[in-house]
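Enquirer: First, the structure itself, so that you have it in front of you.
Readers should treat all values here as calculations from the given coordinates under stated rules, not as data from a laboratory. Since we're looking at a predicted model, the values are computed, not measured. Heads up, the Cβs are rebuilt from the backbone with ideal geometry, glycines too, and the neighbour counts pull from every protein chain shown.
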Amino acid sequence: KQEVTQIPAALSVPEGENLVLNCSFTDSAIYNLQWFRQDPGKGLTSLLLIQSSQREQTSGRLNASLDKSSGRSTLYIAASQPGDSATYLCAAPNYGGSQGNLIFGKGTKLSVKP
Amino acid sequence: DAGVIQSPRHEVTEMGQEVTLRCKPISGHDYLFWYRQTMMRGLELLIYFNNNVPIDDSGMPEDRFSAKMPNASFSTLKIQPSEPRDSAVYFCASSMPLWERSYNEQFFGPGTRLTVL
């Protein structure tokens, strides 16, 4: 069964810093990996989905990479802002499935201080 | 589109009572997922449907939990009887037909925060 781990569990940085959030997964037979953002008391917002054929996916100040061979993905946030403060979760499909059954990491709680 | 809609947003009930959570997926999506989030266990998949048919319910914790999808625009998750350890945030998510979407991209509702006293 797929297992997803995120390190660190929490991160506090001053505004303007570039930062990297890490995600590792045990079953590399995946079609894609998805990064989400969760604000306190709110649902999940999809940030980026990386297909297995891609190595990187970018959206604004966010860049996600995927290395299936090592079972790792990173989310890079450039020039962090206080509005980026949230919990970031990565999710990988179970059994490499093409539909359904995402396995989530516990998340990294990010705090960006003005 | 209004996105995935869940109701109620908050539910407080007493142990032993029946609880029904509701979800309306995004129109045109044919996959629907129910997740539970707790501090201890994080986000866990409970069950998912494709074209209103349950595909995998292996995450449903006990027989006290049941889920239905009577049509493409409505699903319920029922807990009967409820227990304090069921307290969690329950999320519903949906995704597009396989041939129309990036694989697995799921769109989440705002969740229902359940407290069982």
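Enquirer: Residues with beta-carbon under 9 Å from that of B:Cys92, excluding B:Cys92: net charge, scoring Lys, Arg +1 and Asp, Glu -1?
Expert: Numbers: positive: B:Arg22, B:Lys24; negative: none.
Combined, the nearby Lys, Arg, Asp and Glu give +2.
Enquirer: Give the calculated FRET efficiency between B:Arg22 and A:Ala9 to the nearest 0.05, with a Förster radius of 35 Å applied to their Cβ-Cβ distance. Walk me through the numbers on the way to the answer.
Expert: Values: r = 33 Å, r/R0 = 0.93.
With R0 = 35 Å, the Cβ-Cβ based efficiency is 0.60.
Enquirer: Using only atoms on other chains, find how many Cβ atoms lie within 10 Å of each Cβ of peptide B:108-114 and report the average.
Expert: Across B:108-114, the average partner-chain Cβ count within 10 Å equals 3.
Enquirer: For the pairs A:Lys68/B:Lys24; A:Lys42/A:Lys109; A:Lys68/B:Lys68; A:Lys42/A:Lys106, flag any whose C-alpha to C-alpha distance is greater than 25 Å.
Expert: Values: A:Lys68/B:Lys24 35 Å; A:Lys42/A:Lys109 14 Å; A:Lys68/B:Lys68 36 Å; A:Lys42/A:Lys106 16 Å.
Check vs 25 Å cut-off fails for A:Lys68/B:Lys24; A:Lys68/B:Lys68.
Enquirer: Follow-up question, since we're still on this one. To the nearest 20 Debye, how big is the dipole of chain A about its Cα centre, given +1 on the beta carbon of each Lys and Arg and -1 on that of each Asp and Glu?
Expert: Numbers: 10 positive and 8 negative charges, 28 e Å.
It works out to roughly 140 debye.
Enquirer: With a cut-off of at most 12 other beta carbons within 10 Å, and DSSP calling the residue loop, which trypsin sites (Lys or Arg not before Pro) in the stretch B:1-62 qualify? Please list them. Can you show the working numbers first?
Expert: Working: sites: B:Arg9, B:Arg22, B:Arg36, B:Arg41; in loops: B:Arg9, B:Arg41.
Counting only loop positions with at most 12 other Cβ atoms within 10 Å, the trypsin sites (Lys or Arg not before Pro) in the stretch B:1-62 are B:Arg9, B:Arg41.
Enquirer: Where does the charge balance sit around A:Ser53 when Lys and Arg score +1, Asp and Glu -1, over other residues with C-beta under 14 Å from its C-beta? Let's see the in-between values first.
Expert: On the way: positive: A:Arg55, A:Lys68; negative: A:Glu56, A:Asp67.
That works out to 0.
Enquirer: While we're looking at this one, here's another question. Could you give the size of the charge dipole of chain B about its Cα centre, using +1 on the Cβ of each K and R and -1 on the Cβ of each D and E, expressed in debye and rounded to the nearest 20? Write out the running numbers ahead of the final one.
Expert: Working: 11 positive and 14 negative charges, 47 e Å.
That gives chain B a dipole magnitude of about 220 debye.
Enquirer: Counting only other chains, and only Cβ atoms inside 10 Å, what mean value do you get across the residues of B:85-96? Don't skip to the end; give the middle numbers.
Expert: Numbers: counts 0, 0, 0, 0, 3, 0, 3, 1, 5, 0, 3, 0.
Neighbouring Cβ atoms belonging to other protein chains average 1 per residue here.
Enquirer: Another question, then. Averaging sequence separations of C-alpha pairs under 8 Å and six or more residues apart, then dividing by the length of chain B, give the relative contact order as a whole percent.
Expert: Details: 289 pairs, mean separation 43.2, N = 117.
Relative contact order for chain B comes out at 37 percent.
Enquirer: What does the charge add up to near B:Asn50, with Lys and Arg as +1, Asp and Glu as -1, over the other residues with Cβ less than 10 Å from its Cβ?
Expert: -2
Enquirer: Take the alpha carbon gyration tensor of chain A, find the square roots of its eigenvalues, order them as a ≥ b ≥ c, and report rounded if a/c is under 1.5; if not, report prolate when a/b exceeds b/c, else oblate. Intermediate results must be reported in sequence, preceding the final value.
Expert: Details: a/c = 2.00, a/b = 1.68, b/c = 1.19.
Prolate, because a/c is 1.5 or more and a/b exceeds b/c.
Enquirer: If packing is taken as the average number of other Cβ atoms within 10 Å across a peptide's residues, how do A:34-40, A:65-71 rank, most packed first? Each step should come with its number before you reach the end.
Expert: Details: A:34-40: 19.0, A:65-71: 15.1.
Ranking, from highest mean packing down: A:34-40, A:65-71.
Enquirer: Using the Cα centre as the reference, give the magnitude of the dipole from point charges on the C-beta atoms of the protein assembly as shown (Lys, Arg: +1; Asp, Glu: -1; all else neutral), rounded to the nearest 20 debye. Walk me through the numbers on the way to the answer.
Expert: Working: 21 positive and 22 negative charges, 54 e Å.
Once rounded to the nearest 20, the dipole reads 260 debye.
Enquirer: If you take every DSSP beta bridge whose two residues both sit in chain A, what share of them, in percent to the nearest 5, is antiparallel? Write down the numbers at each step before the final one.
Expert: Numbers: 38 of 43 bridges.
That works out to approximately 90 percent antiparallel.
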